[in-house]
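All remarks here apply to the structure that follows.
The values are calculated or read from the model by the stated rules, or taken from the named source; none is laboratory data. Just so you know, these numbers come straight off a predicted model, no measurement behind them. Quick reminder, even Gly has a Cβ in these numbers, built from the backbone with ideal geometry, and neighbours come from all protein chains shown.
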Amino acid sequence: MNMKNFTQRLGVSEHTIRYYEKIGLLNIARNRSGHREFCEQDIEWIQFILRLKETGMPLAEILCYAKLRAQGVSTALQRKQLLEKHAQAVMNEIETLQQHLQKINLKIEFYQKDS
């Protein structure tokens, strides 16, 4: 799959893919003419990167995860610990947002009583 198809399928820009490749998040195969050739595993990996990013993991931590991943099975425990730490941060954020939502809903109820 070429760059255009890859980026359209994922909804990301070519600039983003090039940047991720440049900093070491992606290791994309190239064909004989030097063009990037993407496969399904690349799609799964970038989707995971985007998911981590969208849930607030800093790019530096994502890069750390990627470097550990590239080292293979021997780093599985470290990767698991990194993900557990991030999962806890996401849970904390969800809890905070739920508390905020509860307060907002109380205010909405207050205004509905006056209507």
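Listing for the model above:
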quantity: Test: residue in the range 21-29 that is over 25 Å from LYS85 (Cα atoms) and in contact with a Phe, Trp or Tyr (Cβ under 6 Å, 6 or more places away or on another chain); calculated: no
quantity: Qualifying residue in the range 62-74 (condition: of a type in the set (Ser, Thr, Tyr), farther than 26 Å from VAL90 by Cβ and modelled with pLDDT of 95 or more); calculated: yes
quantity: Members of the range 50-88 found to be of a type in the set (Gly, Ala, Ser) and touching a helix residue (DSSP H, G or I) at 6+ places or on another chain (Cβ under 8 Å), listed by number; calculated: GLY56, ALA66
quantity: Those residues of the range 19-49 which are under 18 Å from LEU59 (Cα atoms) and either of a type in the set (Ser, Thr, Tyr) or exposed (fewer than 14 other Cβ atoms within 10 Å of the Cβ) (or both), in sequence order; calculated: TYR19, TYR20, GLU21, LYS22, ILE23, GLY24, ASN27, GLU44, GLN47
quantity: Restricting the range 39-72 to residues that are among the β-branched types (Val, Ile, Thr) and closer than 18 Å to ALA87 by Cβ, the residue that is nearest to the chain's Cα centre (by Cα); calculated: ILE49
quantity: Residues within the range 17-58 that are assigned to a helix (DSSP H, G or I), under 29 Å from MET91 (Cβ atoms) and touching a residue at least 12 places away in the same chain (Cβ under 8 Å), tallied; calculated: 9
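Okay, residues lined up against (1) of a type in the set (Lys, Arg); (2) surrounded by 10 or more Cβ atoms within 10 Å (Cβ to Cβ):
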residue	(1), (2)
LYS53	yes, yes
GLU61	no, yes
CYS64	no, yes
HIS86	no, yes
PHE110	no, no
ASP114	no, no
